[in-house]
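*Asks:* Below you will find the structure I want to go over with you.
Any read-out appearing in this document is the output of simple, stated calculations on the displayed coordinates, not a laboratory observation. Because the structure is a prediction, the values reported are computed rather than measured. So basically every Cβ, Gly included, is an ideal-geometry build from the backbone, and we count neighbours across all protein chains shown.
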Amino acid sequence: MGNFQEDFAIAIQDKPNAQAVKQSTSGEQRSVAFYTLGCKLNFSETSAIGRTFTKNGFQKVEFNAGADVYVINTCSVTDHADRKCRKVVQQALKHNPEAYVAIIGCYAQLKPQEIAGIPGVDIVLGAAEKFNLIEHLGDFKKQSIAKVVSGDIEAANRFVSSYSAGDRTRSFLKVQDGCNYSCTFCTIPLARGNSRSTPIESVVANAREIAAQGIKEIVLTGVNIGDYGLEANDPKNRVFGSFLDLIKALDEVEGVDRFRISSIEPNLLTNEIIAFVAQSKRFVPHFHIPLQSGSDRVLKLMQRRYLSDLYADRVSTIKKHMPHACIGVDVIVGFPGEKDADFLDTYNFINELDISYLHVFTYSERDKTKAIRMEGRVPNGKRSERNQMLQILSEKKRRAFYTQHLGATRTVLFEYEQRAREMYGFTDNYIKVRATYDPLRTNELVAVKLETIDENGLVLVADADYH
């Protein structure tokens, strides 16, 4: 599995659904707040769970509003999962000491008893039960001992459709879950189970629902989305078609201006997918492709399903079809057995690639993985040093990519985010721009000329012409 995403935490707030109201003993409407740790997939699932609460009469509120129920969706990929979870629980109880606290997500599946020991936690739900959360709430009374509902990961064998709807500019649409890979550093198969999908018709229906809400961009997300089409009970047969079949169907969905592929394994990114994106109506020229190491020796230790030559070929093929395409790369430093020569292979390999930015992760030990038993532990100081070197390389790559497009006119989708009379947005090929705030531009596709790069590495744009 290689679909790492940037670490972020989001308190999600949607408008409450005007249906039958779930009430407290005092007759007041119950409130619920959510906090998401981890990836875009978690974000989509939190939003979906949130909609089940509003349909059952709960009022969704901001995290600091002192909610009756707090739901914390956890991650196992990012470092210090235990510490982050404890901190969020503490913050929730500061806002309402009597709040009912529920913990779900990957960390909850991997270490439910550990989470149950966090003071203030009332219920911990594993991967197979998290979407049934509302059925487990009971009378909302604080528990002296947290209830744990978590079984073997094999029980997580159904696909639950999810998409985010808290941001009207962009939605994360889940198209696949789980992973059949056995990368030695990764806990995701243990936390989410085998790869599984849903029929193309179901994904298309969700995309139409998103479009009906005025959302202009959909990001396709999952654990290993290139394996779309697999069904958990038949892990070798693509019962729902292929990822290429899926994106061809989505390209015909009216009302969505952009589809973006969040991340796809290099061995699953076929020539046909690249060629289709190059000529599609709605899929943007932006790929995020996990590399993890530029050393073939380390790739073999990681049990990745490709070597560096294949990765270089994927980048070359994309640039042949779309010279303007943005290509992001995931890379891990400090993997057990990664020698200085291996890291230099990675650095030099990436330096020579025509890519646009990096997501750099420092290896950290994970229980129940093969890597934790490997020899050749890299000292923490050396891990940090290697991380910093690649972060600097990433900034050079990003600036070179941005500079390459100065003077060009590209379409930007402006977001609701604003600060100090400024607003922000992304071009189709993922260049982040800054412009003077204009409320009429929000959630609009606007043709702009890319002029200069500011001190923060963002691109300033000229006056905009509306599409």
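*Asks:* Can you tell me the order of 360-369, 441-450 when each peptide is scored by its average per-residue count of other Cβ atoms within 10 angstrom, highest first?
*Replies:* Ranked from most to least packed, the peptides come out as 441-450, 360-369.
*Asks:* Counting only residues 5 or more places away or on other chains, whose amide H sits under 5 Å from the amide H of Ala128 once H atoms are built in the peptide plane?
*Replies:* Counting only residues 5 or more places away or on other chains, the set is Gly151.
*Asks:* Take every DSSP beta bridge whose two residues both sit in the chain, then give the antiparallel share in percent to the nearest 5.
*Replies:* 40
*Asks:* I need Phe185, Phe283 ordered by Cβ neighbour count within 10 Å, fewest first.
*Replies:* Ranking Phe185, Phe283 by Cβ neighbours within 10 Å, fewest first, gives Phe283, Phe185.
*Asks:* Also, quick follow-up: Looking at the square roots a ≥ b ≥ c of the eigenvalues of the Cα gyration tensor of segment 21-146, which shape do they give, rounded for a/c under 1.5, prolate if a/b is larger than b/c, or oblate?
*Replies:* Prolate is the answer for segment 21-146, as a/c is 1.5 or above and a/b outweighs b/c.
*Asks:* Hey, fewest Cβ within 10 Å first, where do Ser316, Ser262 land in order?
*Replies:* Placing the least packed residue first, the sequence is Ser316, Ser262.
*Asks:* Hey, another quick one. How high is the relative contact order of the chain, in percent, with contacts defined as C-alpha pairs under 8 Å that are six or more residues apart?
*Replies:* Across the chain, relative contact order equals 10 percent.
*Asks:* Going 7 Å from the Cα of Thr452 along its beta-carbon direction, which residues of segment 395-409 have the amide nitrogen within less than 19 Å of the resulting point?
*Replies:* Once the point is set 7 Å along Cα→Cβ of Thr452, 399-409 turn out to lie under 19 Å by backbone N, inside segment 395-409.
*Asks:* Among DSSP beta bridges lying fully in segment 197-350, give the percent that are antiparallel, nearest 5.
*Replies:* 15
*Asks:* Considering only C-alpha atoms, what is the centroid distance from segment 124-175 to segment 408-460, in Å?
*Replies:* 36
*Asks:* Can you compute the helix-only [θ] at 222 nm over the chain? Use -39500 (n - 2.57) per DSSP H run of at least 4 residues, normalise by all residues, nearest 500 deg cm²/dmol.
*Replies:* -9000 deg cm²/dmol
*Asks:* Rounded to the nearest 0.05, what FRET efficiency do Glu395 and Lys339 have when you use their Cβ-Cβ distance and R0 = 30 Å?
*Replies:* Once the sixth-power term is evaluated, E becomes 0.70.
*Asks:* Another one. Specify whether the C-alpha gyration tensor of segment 157-284 places it in the rounded, prolate or oblate class, a ≥ b ≥ c being the square roots of the eigenvalues: rounded for a/c under 1.5, otherwise prolate if a/b is larger than b/c and oblate if not.
*Replies:* Here segment 157-284 falls in the prolate category.
*Asks:* Right, next: Work out from phi, with θ = phi - 60° and the Karplus expression 6.51 cos²θ - 1.76 cosθ + 1.60, the ³J(HN,Hα) of each residue of segment 439-456, listed in order in whole Hz, and give x for Gly and Pro.
*Replies:* Listing the rounded values in order: x, 6, 8, 4, 6, 10, 8, 10, 7, 10, 9, 7, 9, 9, 9, 7, 5, 9 Hz.
*Asks:* Next question. Can you pull out the GluC sites (Glu not before Pro) in segment 213-317 whose DSSP state is coil and whose Cβ has at most 13 other Cβ atoms within 10 Å?
*Replies:* For GluC sites (Glu not before Pro) across segment 213-317 that sit outside H, G, I, E and B with at most 13 neighbouring Cβ atoms in 10 Å, the list reads Glu252, Glu254.
*Asks:* Right, here's the next one. Give the long-range amide H neighbours of Ser171: residues separated by 5 or more places, or on another chain, with amide H under 5 Å away, using H modelled in the peptide plane at 1.01 Å from N.
*Replies:* Glu217, Ile218, Val219
*Asks:* Given q = 0.16, 0.20, 0.23 Å⁻¹, what are the Debye log10 I(q)/I(0) values for segment 402-467, with equal point scatterers placed on the Cα positions and solvent ignored?
*Replies:* With one equal scatterer per Cα and no solvent, log10 I(q)/I(0) is -0.42, -0.67, -0.91.
*Asks:* Using Cα pairs under 8 angstrom and six or more residues apart, how large is the relative contact order of segment 29-143, in percent?
*Replies:* 24
*Asks:* Give me the Kirkwood hydrodynamic radius of the chain, using the inverse of the mean 1/r over all pairs of distinct Cα atoms, in Å to one decimal.
*Replies:* Across the chain, the inverse of the average 1/r is 23.2 Å.
*Asks:* Please rank Val89, Val32, Val204, fewest neighbouring Cβ atoms within 10 Å first, as an exposure proxy.
*Replies:* Exposure proxy ranking, most exposed first: Val204, Val89, Val32.
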